[in-house]
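Undergrad: My structure is below; once you've seen it, I'll send some questions.
The values are calculated or read from the model by the stated rules, or taken from the named source; none is laboratory data. Everything numeric here is computed off the predicted structure, so don't read it as measured data. In this analysis, Cβ positions are derived from the backbone assuming ideal geometry, glycine residues included, and neighbour counts consider all displayed protein chains.
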Amino acid sequence: MLKASVLEGFWPAGLFKTKRPTLVKAAVKEKTSARFRFAILLIAANITLLFAYVYGVNDLASKGYVMKSLEKKHTVLVEENKKLNLTAAESGSIVSVQNGTTMANFVPAGTPRFLEIDLNHFTQR
């Protein structure tokens, strides 16, 4: 038995013409139509996925930008809070209060004397 080796695609397509029955042509046409529809479906799916990817990346980038600006504001507010706490601590210290009284020309009060009321005096009348 002889086996023939065939080199498909070696000879140009138009060199040997073979006639196919009409049923085979219809089946090939249906296959081509189905392949074409499938190709269009794949292209549409790829375009949809591409737009979804670009939208997602853009959304994440904008959220990252907002987060970065909020972090900057947080850092500024933390520093301002530290300064205000330091100012409040300095204002409330006893040294600051004593310096404030001397600068305002207050005089020492000395030893206070209190008024004493005799309640028995009012009840005897």
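Undergrad: Looking at Phe51, is it more than 40 Å from the chain's Cα centre (by Cα) and in a helix (DSSP H, G or I)?
TA: When the stated conditions are applied, Phe51 does not pass them.
Undergrad: Mind checking which pairs have a first residue in region 54-76 that is at pLDDT 95 or above and a second that is in a helix (DSSP H, G or I) and surrounded by 10 or more Cβ atoms within 10 Å (Cβ to Cβ), Cβ under 7 Å, 6 or more apart or different chains?
TA: So the pair list comes out empty.
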